[in-house]
Structures are given as C-alpha cells and as structure tokens.
1. Here are Ala43, Ala32, Ala28: which of them is among the hydrophobic types (A, V, I, L, M, F, W, C), more than 30 Å from Asp137 (Cβ to Cβ) and under 25 Å from the mean Cα position of the chain (by Cα)?
2. Please count how many residues of region 117-153 are touching an Asp or Glu at 6+ places or on another chain (Cβ under 6 Å) and either among the acidic types (Asp, Glu) or assigned to a strand (DSSP E or B) (or both).
3. Among what's in region 1-56 and is among the polar types (S, T, N, Q) and assigned to a loop (DSSP other than H, G, I, E, B), pick the residue that is nearest to Leu151 (Cα to Cα).
4. Quick check on Arg69: is it in a loop (DSSP other than H, G, I, E, B), exposed (fewer than 10 other Cβ atoms within 10 Å of the Cβ) and assigned by TED's automatic domain parsing to the domain that holds Trp129?
Amino acid sequence: MNKTANFQLTQWEKTDRIMMEDFNRDNAAIDAALKSSADKVAALQTALASCGNCKIVYGTYTGNGKYGRENPNKLTFNGDPLFVIIKGSIGSAPTFGIQAMRGWDIAYTDATDFSTICYLTWGEHSLSWYNSQSSTDQFNESGSVYPYIALFATQE
C-alpha cells in the first residue's frame, strides 16, 4: 500500500484490501488539514483587516518666489500624511526634491549636495517647509508649478 507524500494518505492499488480504519484515518487527516488551513486564513484576514490601507493624495502648487523662515511653503491635507514627496517644477530638469516622513524635521533636497536642506514642520493636517538659501532650494520659484504626492495610512 502506497502513501501520499504530504499527508501520508492511503493510495490503494488494485491488489490492496480496503480497510475501514485506513479510510477513517485518511478522512480524519484531511479534516484536520482543512481545519488548520481555514484557521490560518481566518487569522490572516483578521490581521489584514487591522492593517488598514494606504490613501494617496496628489496635486500641485505654484511657487511665489519667497523663501526663508518667515516665508514657509505649506500644504494642507484632509488628515495627517505619513510621507510627502515634492518634486522640482513641472517642465524643469529632474531634481531630487523634498522627501518628508512624519516626524522628520529636515529634508535634504539635492542628491549630490547634502548641504541643501529644507526645514520641516508637521502640523495638524499639514506640512510646512522652508530653506534659508533661495526660493529654488525651497521649491518655490515664482510661477513654477510643483507636483506633490502624499501617503496616508487608513483604517477601513
């Protein structure tokens, strides 16, 4: 009498005598395996339901040419984003941009020169930033349009 590789279920050949004990043992093993799988699926569904989801908000803003501590830029959201990315103005050469994670108070804005910094302030439903060197480094050149994307954790 042969057995299956995974659950050792009986595999009868034509010459084997079929025994009730073998049949009942196989059914009990199948039942236990199905119950274990169902329990694991239910546990994963419960865990996944508590993880929530990710909401993505995107848009643009137009720069006004100002910069510095007294002239911060500000994006306001419907909720508190966990991560915000602001890129260089539309139509300009690709730039590193501002990558801001909630809790960070600075963001480096140049991939080759880590001395270019925007100072970040996280408010209720908002992100503000400034750079003390130039409106270009603050991503706020007058008339330039800047795209942004914000990621939010949601509970559904």
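1. Numbers: Ala32 fails: under 25 Å from the mean Cα position of the chain (by Cα); Ala28 fails: under 25 Å from the mean Cα position of the chain (by Cα).
Exactly one of Ala43, Ala32, Ala28 is among the hydrophobic types (A, V, I, L, M, F, W, C), more than 30 Å from Asp137 (Cβ to Cβ) and under 25 Å from the mean Cα position of the chain (by Cα), namely Ala43.
2. Selection size over region 117-153: 1.
3. Asn6
4. On the way: in a loop (DSSP other than H, G, I, E, B): yes; exposed (fewer than 10 other Cβ atoms within 10 Å of the Cβ): yes; assigned by TED's automatic domain parsing to the domain that holds Trp129: yes.
Yes, satisfied.
Yes or no, residue by residue, for (1) of a type outside the set (Asp, Glu); (2) touching a Phe, Trp or Tyr at 6+ places or on another chain (Cβ under 7 Å); (3) modelled with pLDDT of 90 or more:
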residue: Val84; (1), (2), (3): yes, yes, yes
residue: Pro94; (1), (2), (3): yes, no, no
residue: Ile98; (1), (2), (3): yes, yes, no
residue: Ala111; (1), (2), (3): yes, yes, no
residue: Thr116; (1), (2), (3): yes, yes, no
residue: Tyr119; (1), (2), (3): yes, yes, yes
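The values are calculated or read from the model by the stated rules, or taken from the named source; none is laboratory data. Here the structure is a predicted model, which means the values were calculated and not measured. In this analysis, Cβ positions are derived from the backbone assuming ideal geometry, glycine residues included, and neighbour counts consider all displayed protein chains.
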